[in-house]
Amino acid sequence: MNQLWLIPVLPLAGFLVNGLVALVASSSRAEKESGADQPGAPLPYAQRLFHGLVGVGSVGLATVLAFAAVVPYVLGSMHNAEGLAPVVQRVYTWMAAGDYSVDVAFRLDALSALMLSFVTFVGTLIHLYSVGYMQKEEGYGRYFSYLNLFMFAMLTLVLADNLPLLFVGWEGVGLCSYLLIGYYYDKDFAVAAGKKAFIANRVGDLGMVLGIFGVFALFGTADFSFVELAKRQVFAGGAPLGVYAVCLLLFLGACGKSAQGPLYVWLPDAMAGPTPVSALIHAATMVTAGVYLVARCSALFVLSPDALTLVAWIGAGTAIFAATIGLAQNDIKKVLAYSTVSQLGYMFLACGVGAFSAGIFHVFTHAFFKACLFLGSGSVIMSMHHEQDMRQMGGLAARIPQTFRTMLVTTLAIAGIFPLAGFFSKDAVLGATAASGHWALYAVGLLTAGLTAFYMFRLVSMTFFGKARGHAEHAHESPATMTVPLWILAALSVVAGFVGVPAALGGSDRIGRFLEASVAHPEIHEMSHGLEIGLMLLSLGVAVTGLAWAWRWYGKADGPAEAVSPQAHAFYEKTGALGRLVGNKWNVDEGIEALVLSPFRKIGTFLWRGFDALFIDGIANASAFLVELAGDLLRFFTTGHVRNYALTFALGIAVLIVYVWVR
């Protein structure tokens, strides 16, 4: 526990080693071989082995150190009714101004311990999976160096003891997302997706920066001691309006990173990167940073009920909006992408009703089943020769059985089927929403649960059942480096929920009790066990209905391309324009293009061609013309003949005499 700083430093070392070796190897190869990192030039086996060992090994060692710190802390908390005090390790003073300083310091408490455990573990599994998935890709060393840098940034974010250091990790994962999403830099769509992610996150980051300054203005500090000050409502300055404004600014940052509201648009396009990158971004790291920020600052948010209400409604609205889009997607990774946006909405819904522990619980379980689903989709894509359209799949259950079984388990988990992990965390969110009296939000969450079950089992049905289409007849199972992580994640998707079994089912909600000291707990009315169990049965019934409906429409379909039943065809025909609108993702991208991007392009074009080219360049060109004209006139007086200069001198004296005489 005394070496917290080593946990993020190890992946940083992996980044430096892999990056330098890849750079040296690339520059040393002959120009005719196009370089080690150029398209079409995979690395030799020995070099790939080295990059894999360094990449996986650095994160694996960080995971060992993380568990060496987390396990004693968890065990100590179990024997202490009030929980253990946070462990803060200061490395050095980063900035100092007057009496105030910002340290590079790392914090281990219940919240960071929980995040640290699954971020490192899932990250290691994704690195291991990448060894098999990326073996035939060019830029192998570059890939692992970026992946290691991503882990360094995320671990810095999780362990930071103050908001400025957290922001370093915050921006780091933003940079790495740009690098990894745009990994296939020779493809225009990947480059565009990387830029889209980077720019969308900058919008949220503006709010984040202003929010950090707001926290300093309110409490006189930006380290996490402000949480205790917020609990006691001890302010250095500001007013209730100031608290509300700071909460909104921090939440804007969270919306950018966790893809909420209109800022969600970057996340589906992030599928342009390699599939393990999608798993890393979507499952346990970058997109959960916004939820982590709101939970970390929960003591501040509870001081502004209006801000919490806004968080809840944006979370619920994003959840159901993204779920409707997921219904009509045919790209297997896009379905999972919109599922992530929707599940993040669930997490913010929990935070918005004051159930911060339930939101983090869903972050915890989601890390396992969503990572498995993304990595499973990568196994499917590889077996299908990089085909991602589910309409060109089918009949894969017998051909890639390990991938099928793990994805089936995790699909049932995300759908909320008892007793898998998603059942407990999702019902914790819905139960807290109902207990807080927000029944409209509860109805939105319940409907979203049914839609989730439907589109996820639609994915499984179109991919694994029915008639084999496209390259499905030639599919083969992935290597052990890919299937072993799938089985581990599937197993965790089964058992992870047991840490949060509620009292109504005979449990003690251990994860909630563990997080008590790290997150705020506004007063929420308790429900009777009977009502709680009734709501659980209701959500379970909704999930089962969604599964059954998807199976009826897609499970036995054997069409050559559409892979849907006659009932589904009839439904799509009846919905008409609405169905096309959903299939086109509600035309959100087109709306942003028309309302935001196009006007800014026109303004930019006017400033370029109108103001800059005509006015600014006109002034510069006119000045140059006048100087040139003056030079042309003056050169007539610069002949080089002495007699001309003497005449000019004499005329000047004559003019001067006349002027003096007249005056």
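The values are calculated or read from the model by the stated rules, or taken from the named source; none is laboratory data. Note that this is a predicted model, so its numbers are computed, not measured. Methodologically, a virtual Cβ is constructed for each residue, glycine included, from the backbone with ideal geometry; neighbour enumeration extends over all protein chains shown. We work out accessible area using only protein heavy atoms, side chains counted, and drop any ligands, DNA or RNA first. Shrake-Rupley method; radii C 1.70, N 1.55, O 1.52, S 1.80 Å.
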**Message:** Looking at ALA440, ALA435 in this structure, which one is surrounded by fewer than 20 Cβ atoms within 10 Å (Cβ to Cβ), within 18 Å of LEU531 (Cβ to Cβ) and either of a type in the set (Asp, Glu) or at pLDDT 95 or above (or both)?
**Reply:** ALA440
**Asked** Could you say whether any residue in the range 461-468 is at pLDDT 95 or above and either among the β-branched types (Val, Ile, Thr) or not in a helix (DSSP H, G or I) (or both)?
**Response** no
**Lone qualifier among ALA284, ALA328 - being of a type in the set (A, V, I, L, M) and within 20 Å of VAL460 (Cβ to Cβ)** = ALA328
**Asked** Does the range 554-584 hold any residues that are farther than 22 Å from PHE321 by Cβ and modelled with pLDDT of 75 or more, and which are they?
**Response** TYR554, GLY555
**Prompt:** Restricting the range 96-113 to residues that are open to solvent by 20 Å² or more (accessible area, probe 1.4 Å) and in contact (Cβ under 8 Å) with a residue 24 or more places away in the chain, which is nearest to THR403 (Cα to Cα)?
**Reply:** ARG107
**Message:** Scan the range 279-298 and tell me whether some residue there is of a type in the set (A, V, I, L, M, F, W, C), at pLDDT below 95 and open to solvent by 10 Å² or more (accessible area, probe 1.4 Å).
**Reply:** no
**Prompt:** surrounded by 10 or more Cβ atoms within 10 Å (Cβ to Cβ), closer than 30 Å to PRO262 by Cβ and either at pLDDT below 85 or touching a strand residue (DSSP E or B) at 6+ places or on another chain (Cβ under 7 Å) (or both): does that describe PHE615?
**Reply:** no
**Asked** If you scan the range 505-542, which residues turn out to be of a type in the set (Gly, Ala, Ser), outside any loop (DSSP other than H, G, I, E, B) and closer than 30 Å to LEU293 by Cα?
**Response** GLY512, SER539
**Asked** List pairs: first in the range 361-380 and open to solvent by less than 10 Å² (accessible area, probe 1.4 Å), second part of a helix (DSSP H, G or I) and of a type in the set (D, E, K, R), Cβ under 9 Å, 6+ apart or cross-chain?
**Response** HIS362/LYS426; THR365/LYS426; PHE374/LYS333; SER377/LYS333; GLY378/LYS333
**Message:** So if I check each of GLY52, GLY14, GLY19, which one is at pLDDT 95 or above and part of a helix (DSSP H, G or I)?
**Reply:** GLY14
**Request:** Quickly run through the range 173-198 and pick out the residues that are free of Cβ contacts under 8 Å to residues at least 60 places away in the same chain and either out of contact with any Phe, Trp or Tyr (no Cβ under 7 Å at 6 or more places or on another chain) or among the acidic types (Asp, Glu) (or both).
**Result:** LEU175, TYR185, ASP188, LYS195
**Item:** Only one of SER34, SER58 that is modelled with pLDDT under 85 and either farther than 16 Å from THR156 by Cα or of a type outside the set (A, V, I, L, M, F, W, C) (or both)
**Value:** SER34
**Message:** Condition first: within 23 Å of ARG513 (Cα to Cα), in a helix (DSSP H, G or I) and of a type in the set (Gly, Ala, Ser). Can you find one or more residues in the range 104-112 that meet it?
**Reply:** yes
**Prompt:** Among the residues of the range 322-350, which ones are over 18 Å from the mean Cα position of the chain (by Cα) and either open to solvent by 10 Å² or more (accessible area, probe 1.4 Å) or within 28 Å of LEU515 (Cα to Cα) (or both)?
**Reply:** THR324, LEU327, ALA328, GLN329, ASN330, ASP331, ALA350
**Prompt:** Taking the condition at pLDDT 90 or above, open to solvent by less than 20 Å² (accessible area, probe 1.4 Å), more than 30 Å from PHE369 (Cα to Cα) and under 28 Å from the mean Cα position of the chain (by Cα), does VAL119 pass?
**Reply:** no
